[in-house]
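Trainee: Pasting a structure below so you can have a look.
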Amino acid sequence: GRVGGYRDPAIALQRPYLDAVVRAGGLAVVVAPDVDPVELLGSVDAVVLTGGPDVEPTRYGAQPHQSVYGVSSEADEFEIELVREAIRAAVPTLAICRGLQVLNVAYGGTLHQHIPDLEGLIAHGVPGGDGHGVVHDVMVEPGSMLADVCGTGPLQGSCHHHQAVAEVGSGLVVTARAADGVVEGLEVRGSPGWCVA
């Protein structure tokens, strides 16, 4: 089906991701999921895994909830291998929203497929909604790489996610949570490089 209003298959990215890389002094390159991740990592200084549609639930042993959207086996396979290889090769990696979920699944973790179904949680936004996320406080663990960059908070996060980390992947550590306990940050324990999700 059509995702994001494109009639034909498309690779598209919201401009603010690219603008942020440029502001940081980089050249932003959007990559199709049909390149070899190891070869790609030999040509870049860092990786940003961005937000996007849902990870295929069968990758973490679940049957799809009716709310799951935009699944791409090709994108999942590419990004899971890319994040594993980037961490192994100590290529600096920033994983945002879907990227955090991909990292968790890559390390054997699971996801809550539709957090609005869970009792007692604050609103975490609607993917592809009106363009404005739900802003809420996020507390960051002292001593984490995220805390080194942003402080311990409370930070204000603008969220658009209907999914969230359930079981944390092996070797990952939670570095940030919303007030309701939803995981908003992950890092790789003992990583030789820089990986912040």
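The values are calculated or read from the model by the stated rules, or taken from the named source; none is laboratory data. Just so it is clear, the model here is predicted, and its values are computed rather than measured. Cβ sites come from the backbone with ideal geometry, for glycine too, and all protein chains shown count toward neighbours. These area figures cover heavy atoms from the full protein model, side chains too; ligands, DNA and RNA do not enter into them. Shrake-Rupley method; radii C 1.70, N 1.55, O 1.52, S 1.80 Å.
Trainee: When the chain is treated as a GNM, springs tying every alpha-carbon pair under 10 Å, which of I115, I87, I11 comes out with the largest mean-square fluctuation?
Mentor: I11
Trainee: To the nearest 20 debye, what is the magnitude of the charge dipole of region 2-103 about its Cα centre, counting +1 on the Cβ of each Lys and Arg and -1 on the Cβ of each Asp and Glu?
Mentor: 420
Trainee: Mind putting a number on the dipole of the chain about its Cα centre? Charges go on the C-beta only, +1 for Lys and Arg and -1 for Asp and Glu, and I need it in Debye to the nearest 20.
Mentor: Dipole size: approximately 240 debye.
Trainee: Mind ordering 164-170, 33-39 by average Cβ neighbours within 10 Å, highest first?
Mentor: With the highest mean Cβ count within 10 Å placed first, the list reads 164-170, 33-39.
Trainee: Now for a different question. Could you order the peptides 13-23, 185-195 from most to least packed, using the average number of other C-beta atoms within 10 Å per residue?
Mentor: The packing order, highest mean first, is 185-195, 13-23.
Trainee: Leaving out ligands, DNA and RNA, and with a 1.4 Å probe, what % of the accessible surface on region 1-134 is carbon or sulfur?
Mentor: Carbon-and-sulfur percentage of accessible area, whole number: 52.
Trainee: Using the heavy atoms of the protein chains and a 1.4 angstrom probe, tell me the accessible area per residue for the chain in square angstrom.
Mentor: Accessible area per residue: 55 Å².
Trainee: Counting Lys +1, Arg +1, Asp -1, Glu -1, what net charge surrounds L186 among other residues with beta carbon under 11 Å of its beta carbon?
Mentor: Local charge sum for L186: -1.
Trainee: If you take the Cα Rg of region 29-151 and divide it by 2.2 N^0.38 Å, with N the number of residues, what do you get?
Mentor: Here the answer is 1.14, to two decimals.
Trainee: Here's something else I'd like to know. Toward the positive end of the charge dipole of the chain, about the Cα centre and with charges on Cβ (Lys, Arg +1; Asp, Glu -1), which of G109, T93, V68 goes farthest?
Mentor: Checking the options against the dipole of the chain, the answer is T93.
Trainee: Which of L121, L49, L172 moves the most in a Gaussian network model of the chain with Cα springs under 10 Å?
Mentor: Among L121, L49, L172, the largest mean-square fluctuation in the Gaussian network model of the chain belongs to L121.
Trainee: Go ahead and estimate [θ] at 222 nm for the chain from helices alone: -39,500 (n - 2.57) per DSSP H run with n ≥ 4, summed, over the residue count, rounded to 500.
Mentor: -6500 deg cm²/dmol
Trainee: So if I place +1 on the C-beta of Lys and Arg and -1 on the C-beta of Asp and Glu, and nothing else carries charge, what would the dipole magnitude of region 76-175 be about its Cα centre? I want it in debye, nearest 20.
Mentor: Here region 76-175 has a charge dipole of around 180 debye.
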